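J.: One structure coming up, written as structure tokens, with questions to follow.
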Amino acid sequence: MAPLFTLEELEAAIPIVRRLVPETPAYAWPLLKQRFGVEVVVKHENHTPIGAFKARSSIVFIQKHIDAHGRPAGVVSATRGNHGQSMALAARSLGLPATIVVPEGNAEGKNRAMKAFGAELVVDGRDFDIAKRTAERLAAESGFLMVPSFHKNIAMGVATYALEFFRAHPDLDVVYVPVGMGSGACGLITVRDLLGLKTQIVPVVTESAPAYRLSLETGRIVTTDTANTFADGMACREPVQEALDILKAGAARVATVNDDEIAEAIRILFADTHNLAEGAGAAALAAMSQEASGLKGKKAGVILSGGNLEEAALQTVLAGGTPAV
């Protein structure tokens, strides 16, 4: 299949991303190597202005729209938090009003962050997929530009982290990446292929939100009734066909982790790297730890996709528990 974007297009997106996001570090932490017997390189997407990889995406999507169609009256989207922070930050930098729809019970810290960036927050629906339909309705009513969670230009903005990672560590044997709507994993697969590397890409889902795994197993979109995980960035019930096609063609396999394993990975990252990971941000390490015995002598990468964990959840995790949903 044709790549989602070209290397030339990706290179051209980097200056747009750099308005907001400097290159993030990728460290091979010695304590992780001692613990797992594997060289583990962590790509620290928790070190962006919103504490998550999504900081790279909305600015590219909106700027590309402006270049092609002119300035919109405003922007609107749905989110569990990091995508919304990305959009609010990008909209503020471009002088545009932003409306963001979040589901009921969304993480209060992420809600406060979006509002601090200047966005208007709308709460509607029991989960992300219902909130997304509300956002689409609001976009149609207001004339605002709908910023999707998955799109070529969203994935291309996100993929700048993959280009940084592979250029700094072209000898990675495998990279584990959490899957929400799929932009992070699809960006890694596309950049890997554009650079002609042999690195295996392993998307990671949770037991409580397995829609992408089920869809890959059956070869068609499979939706679920619920996606109840404290790793809110992975709480997808309705996969995107374009993302599914890329994952099907380019992923080595899909790893599945549970919330207890994610909580343990948060503790490990805190102990061994002194970095805070949110649930989705720790899922890659949780999956790598499952497969560590088969990775001896290899070099593994994990995407720490974000660090926006609520204080109450952090207290529960550090006390040895798993946050309830």
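J.: Are there any pairs with C-beta distances below 9 angstrom linking a residue in the range 119-139 that is touching a residue at least 40 places away in the same chain (Cβ under 8 Å) to a residue that is open to solvent by less than 40 Å² (accessible area, probe 1.4 Å) and acidic (Asp, Glu), with the two at least 6 apart or on different chains, and if so which?
T.: Phe128/Asp232
J.: Being touching a Phe, Trp or Tyr at 6+ places or on another chain (Cβ under 9 Å) and either modelled with pLDDT under 95 or over 19 Å from Gln290 (Cβ atoms) (or both) is the filter here, so list the residues in the range 169-183 that pass it. Spell out the reasoning first.
T.: Applying the first criterion (touching a Phe, Trp or Tyr at 6+ places or on another chain (Cβ under 9 Å)) to the range 169-183 yields 172, 175, 179-183.
Within the range 169-183, Gly180, Met181, Gly182, Ser183 meet the criteria.
J.: Whether any residue in the range 109-125 is among the β-branched types (Val, Ile, Thr), open to solvent by 10 Å² or more (accessible area, probe 1.4 Å), closer than 20 Å to Glu238 by Cα and in a helix (DSSP H, G or I) is what I want to check.
T.: Let us first name the residues in the range 109-125 that are among the β-branched types (Val, Ile, Thr), namely 122-123.
From what's left, open to solvent by 10 Å² or more (accessible area, probe 1.4 Å): 122-123.
Keeping just the survivors that are closer than 20 Å to Glu238 by Cα gives 123.
Still in the list and also in a helix (DSSP H, G or I): none.
Within the range 109-125 (the criterion being among the β-branched types (Val, Ile, Thr), open to solvent by 10 Å² or more (accessible area, probe 1.4 Å), closer than 20 Å to Glu238 by Cα and in a helix (DSSP H, G or I)), the answer is no, since none of the residues qualifies.
J.: Only one of Val257, Val205 is among the hydrophobic types (A, V, I, L, M, F, W, C) and more than 19 Å from Val40 (Cα to Cα); which?
T.: Values: Val257 fails: more than 19 Å from Val40 (Cα to Cα).
Criteria check complete, one pass: Val205.
J.: Same structure again: Open to solvent by less than 10 Å² (accessible area, probe 1.4 Å), modelled with pLDDT of 95 or more, outside any loop (DSSP other than H, G, I, E, B) and touching a Phe, Trp or Tyr at 6+ places or on another chain (Cβ under 7 Å): is that true of Ala284 in this structure? Explain how you work it out, then say what you get.
T.: On the way: open to solvent by less than 10 Å² (accessible area, probe 1.4 Å): yes; modelled with pLDDT of 95 or more: yes; outside any loop (DSSP other than H, G, I, E, B): yes; touching a Phe, Trp or Tyr at 6+ places or on another chain (Cβ under 7 Å): yes.
Yes: the conditions hold for Ala284.
J.: Of the residues Glu278, Glu238, which single one is open to solvent by 30 Å² or more (accessible area, probe 1.4 Å) and closer than 25 Å to Pro103 by Cβ?
T.: Working: Glu278 fails: open to solvent by 30 Å² or more (accessible area, probe 1.4 Å).
Only one candidate qualifies: Glu238.
J.: Something else about it: Ala227 versus (1) under 21 Å from Met288 (Cα atoms); (2) in contact with a strand residue (DSSP E or B) (Cβ under 7 Å, 6 or more places away or on another chain); (3) surrounded by 24 or more Cβ atoms within 10 Å (Cβ to Cβ): which is the lone unmet condition?
T.: Unmet for Ala227, out of (1) under 21 Å from Met288 (Cα atoms); (2) in contact with a strand residue (DSSP E or B) (Cβ under 7 Å, 6 or more places away or on another chain); (3) surrounded by 24 or more Cβ atoms within 10 Å (Cβ to Cβ): (1).
J.: For Asp232, work out the one condition from (1) over 20 Å from Arg126 (Cβ atoms); (2) at pLDDT below 95; (3) touching a Lys or Arg at 6+ places or on another chain (Cβ under 6 Å) it doesn't fulfil.
T.: Status for Asp232: all satisfied but (1).
J.: Please work out if Met146 is at pLDDT 95 or above and either acidic (Asp, Glu) or in contact with a strand residue (DSSP E or B) (Cβ under 8 Å, 6 or more places away or on another chain) (or both). Before the answer, list the steps.
T.: On the way: at pLDDT 95 or above: yes; either acidic (Asp, Glu) or in contact with a strand residue (DSSP E or B) (Cβ under 8 Å, 6 or more places away or on another chain) (or both): yes.
Spelling it out, Met146 is indeed at pLDDT 95 or above and either acidic (Asp, Glu) or in contact with a strand residue (DSSP E or B) (Cβ under 8 Å, 6 or more places away or on another chain) (or both).
J.: Considering only residues that are at pLDDT 95 or above, open to solvent by 30 Å² or more (accessible area, probe 1.4 Å) and either hydroxyl-bearing (Ser, Thr, Tyr) or not in a helix (DSSP H, G or I) (or both), which ones fall in the range 311-325?
T.: Thr316, Ala319, Gly320, Thr322
J.: Of the residues Gly105, Gly37, only one is without any contact (Cβ under 8 Å) to a residue 24 or more places away in the chain, small (Gly, Ala, Ser) and on the phi > 0 side of the Ramachandran plot; which?
T.: Gly105
J.: Follow-up question, since we're still on this one. For residues that are without any contact (Cβ under 8 Å) to a residue 40 or more places away in the chain and not aliphatic (A, V, I, L, M), scanning just the range 204-222, find the one that is least open to solvent (accessible area, probe 1.4 Å).
T.: Applying the first criterion (without any contact (Cβ under 8 Å) to a residue 40 or more places away in the chain) to the range 204-222 yields 209, 211, 214-222.
Okay, now just the ones that are also not aliphatic (A, V, I, L, M), so 215, 217-220.
Working: Ser215: 1, Glu217: 123, Thr218: 75, Gly219: 40, Arg220: 142 Å².
Filtering first and then ranking leaves Ser215.
J.: Looking at Ser77, Ser86 in this structure, which one is part of a helix (DSSP H, G or I), modelled with pLDDT of 95 or more, closer than 23 Å to Thr229 by Cα and open to solvent by less than 10 Å² (accessible area, probe 1.4 Å)?
T.: Details: Ser77 fails: part of a helix (DSSP H, G or I).
Result: Ser86 is the single residue among Ser77, Ser86 that is part of a helix (DSSP H, G or I), modelled with pLDDT of 95 or more, closer than 23 Å to Thr229 by Cα and open to solvent by less than 10 Å² (accessible area, probe 1.4 Å).
J.: Of the numbered conditions (1) buried (at least 24 other Cβ atoms within 10 Å of the Cβ); (2) at pLDDT 95 or above; (3) not in a loop (DSSP other than H, G, I, E, B), Arg92 satisfies every one except a single condition; which is it?
T.: So Arg92 meets the others, but not (1).
J.: State which residue pairs qualify: first residue more than 17 Å from Ser183 (Cα to Cα) and modelled with pLDDT of 95 or more and inside the range 1-27, second residue of a type in the set (Gly, Ala, Ser) and open to solvent by 50 Å² or more (accessible area, probe 1.4 Å) in any location, beta carbons under 8 Å apart, and separation of 6 or more residues or different chains.
T.: Here the result reads Arg19/Ser93; Leu20/Ser93; Ala26/Ala168, each pair linking the range 1-27 to a residue that is of a type in the set (Gly, Ala, Ser) and open to solvent by 50 Å² or more (accessible area, probe 1.4 Å).
J.: So Leu244 ticks every box in (1) touching a Ser or Thr at 6+ places or on another chain (Cβ under 7 Å); (2) closer than 20 Å to Leu4 by Cα; (3) open to solvent by 50 Å² or more (accessible area, probe 1.4 Å) but one. Which box is left unticked?
T.: With respect to (1) touching a Ser or Thr at 6+ places or on another chain (Cβ under 7 Å); (2) closer than 20 Å to Leu4 by Cα; (3) open to solvent by 50 Å² or more (accessible area, probe 1.4 Å), Leu244 is out only on (3).
J.: Quickly run through the range 126-179 and pick out the residues that are in contact with a helix residue (DSSP H, G or I) (Cβ under 7 Å, 6 or more places away or on another chain), open to solvent by less than 10 Å² (accessible area, probe 1.4 Å) and in a helix (DSSP H, G or I).
T.: Those that are in contact with a helix residue (DSSP H, G or I) (Cβ under 7 Å, 6 or more places away or on another chain), open to solvent by less than 10 Å² (accessible area, probe 1.4 Å) and in a helix (DSSP H, G or I): Ile154, Ala155, Met156, Gly157, Val158, Ala159, Thr160, Tyr161, Ala162, Leu163, Phe166.
The values are calculated or read from the model by the stated rules, or taken from the named source; none is laboratory data. All values derive from a computational prediction rather than experimental measurement. All Cβ positions, even for glycine, are placed from backbone atoms using ideal geometry, and neighbour counts span all protein chains on display. Each accessible area value is taken on the protein alone, full model and side chains, heavy atoms only, with ligands, DNA and RNA left out. Shrake-Rupley method; radii C 1.70, N 1.55, O 1.52, S 1.80 Å.
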